[in-house]
Structure formats: structure tokens, C-alpha cells
1. Across segment 75-89, what is the number of residues that are in contact with a strand residue (DSSP E or B) (Cβ under 8 Å, 6 or more places away or on another chain) and more than 9 Å from the ligand (Cβ to nearest atom)?
2. Please name all residue pairs, on different chains or six or more residues apart, with Cβ atoms under 6 Å, provided the first residue is in segment 89-102 and is assigned by TED's automatic domain parsing to the domain that holds residue 75 and modelled with pLDDT of 85 or more and the second residue is more than 8 Å from the ligand (Cβ to nearest atom) and assigned to a loop (DSSP other than H, G, I, E, B).
3. Is it the case that segment 46-58 has a residue that's outside any helix (DSSP H, G or I) and surrounded by 15 or more Cβ atoms within 10 Å (Cβ to Cβ)?
Ligand SMILES: [Zn+2]
């Protein structure tokens, strides 16, 4: 019985990197588990999988850096006469050629 407890204890220590990876919801938890399982018995393999489990998953760059202007949603408004998209600072609609009221300046 003491041997079984010892075995579970050792296995728990051995698979700490995998446990951490699963606990942190790592995208590559399976790869960390594979490295942990196959090379964990070498000290270097265990340390590499341990450090790997502590790294953060990369956030897609496009979500972080893409400016909203790229979608053409800013600096645009709708002409009240023909409902076309026109530049926010336009005073004459380029589609229906009618005067559109200039936007009130934002008060800061
Ligand atoms: Zn218009």
C-alpha cells in the first residue's frame, strides 16, 4: 500500500507540467503532455515541458493591432437625404449633391 501511495506521489510530481498546462487551458497542452511523458524522465525534458506549461498562449496579432478605421466604420456617416455613406466631415453629399449639415464639433 505504501508503494502505491509513493507511485501516485511520484507520478503527480512527474506530470506537474501537464497538470499546469491543463489547469491553465493551454492550446498545446497535448504537446506539453507528449514532451512531459516522453522526455520528462530526462531532467532537461521535464524542465522544458515545465517552462513551456508556464508560457502564455500568443494572442492573435490581428485582434490586438487592427485599427477600427481599417473596417471603414469611423469617419463615415449617413447622408440624411439619400442614405449613402459619406465622410463625416463632408458638407455636400457626393452622391446626391445636397448640402448636409456639418457635424457639430465634439466638446472635449
Ligand atoms: Zn446624399
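1. If we filter segment 75-89 for residues that are in contact with a strand residue (DSSP E or B) (Cβ under 8 Å, 6 or more places away or on another chain), which is where we start, we get 75-79, 84-88.
Add one more test, that the residue is more than 9 Å from the ligand (Cβ to nearest atom), and what stays is 75-77, 85, 87-88.
Summing the residues that are in contact with a strand residue (DSSP E or B) (Cβ under 8 Å, 6 or more places away or on another chain) and more than 9 Å from the ligand (Cβ to nearest atom) in segment 75-89 gives 6.
2. Once the first residue is assigned by TED's automatic domain parsing to the domain that holds residue 75 and modelled with pLDDT of 85 or more and sits in segment 89-102, its partners that are more than 8 Å from the ligand (Cβ to nearest atom) and assigned to a loop (DSSP other than H, G, I, E, B) give 91/102.
3. Here is the first cut: in segment 46-58, the residues outside any helix (DSSP H, G or I) are 55-58.
Keeping just the survivors that are surrounded by 15 or more Cβ atoms within 10 Å (Cβ to Cβ) gives none.
The answer is no, given that none of the residues of segment 46-58 is outside any helix (DSSP H, G or I) and surrounded by 15 or more Cβ atoms within 10 Å (Cβ to Cβ).
The values are calculated or read from the model by the stated rules, or taken from the named source; none is laboratory data. Bear in mind that the values here come from a model prediction, so they are computed numbers and not experimental data. Counting neighbours? That spans all protein chains shown, and the Cβs are built from the backbone with ideal geometry, glycine included.
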